[in-house]
Amino acid sequence: MKSLLRIIVAIGCLAGALRVSAATGCPPLLDHSFPSLLDQKPQSLCQWRGKVLLVVNTASYCGFTSQYDGLEKLHARLRQRGLVVVGFPANDFGDQEPGSNREIAEFCRLTYGVQFPMFAKTTVSGEQANVFYRQLARLSGSAPQWNFHKYLIDRDGRQVLSFGSRVPPDDQALLARIEEFLGR
């Protein structure tokens, strides 16, 4: 009987959470907040509801770090059409993001002129991955295996596509899917 009661309470809590998300118009996938890289103030992913998101786990000392340049150019070129590139620095792979949030922010700004939104350093893989990245891995069927893994999320926050680290921001297959999602 206690188990049944716990299940009923859990379902009620989940239904309540979904109603809140529906009331705000925020897709459940985006109903998360994380501290921003620059000022550590919580920023809600809901601010980008209705946008196409390209979510990338980043690192400052990786063979793929030069992708920052392409990501910034992509963000600048397609921002007005509804694309938002979002960076999540992580030290999960090869200890290639050892710096503090302040050091990461300075590196991104000074080296690559990054202006797309970035969040504070987090964990994106394994058991300790933040809840958003766990959802992205589950929905796409692919967890990050290295730095600069990309997830493309449609405007409704329902479809998530995964692109590995070796896929640069100017890859034709990635750009085609971005265009498809922007056109919806």
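Since every read-out is calculated from the coordinates, none of them should be taken as a lab result. These numbers come from a predicted model, not from an experiment.
Cα centroid distance between region 28-79 and region 108-184, in Å? Using only Cα atoms, the two centres lie 8 Å from each other.
Counting only alpha carbon atoms, the long axis of helix 131-140 and the longest principal axis of the chain meet at about 90°. For the chain, the relative contact order works out to 25 percent when only alpha carbon pairs closer than 8 Å and six or more residues apart are counted.
From helices alone, the chain scores -12000 deg cm²/dmol at 222 nm; the rule is -39500 (n - 2.57) for each run of n ≥ 4 DSSP H residues, then divide by the residue total.
The number of Lys pairs in the chain with C-alpha atoms less than 22 Å apart, excluding pairs fewer than 8 positions apart on the same chain, is 6. For region 26-182, a/c is less than 1.5, where a ≥ b ≥ c are the root eigenvalues of the C-alpha gyration tensor. That puts it in the rounded class. Which angle from 0 to 90°, rounded to the nearest 10, does the C-alpha axis of helix 101-112 make with the longest principal axis of the chain? Here the helix axis deviates by roughly 50 degrees. Taking every C-alpha pair closer than 8 Å and separated by at least 6 residues, the mean separation divided by the residue count of region 78-153 gives a relative contact order of 31 percent. Rounded, prolate or oblate: which one fits region 90-137, using the alpha carbon gyration tensor with axes a ≥ b ≥ c (rounded when a/c is under 1.5, else prolate when a/b beats b/c, else oblate)? Because a/c hits 1.5 or more and a/b exceeds b/c, region 90-137 counts as prolate.
In the chain, the longest principal axis of the Cα atoms and the axis of helix 2-24 are about 50 degrees apart.
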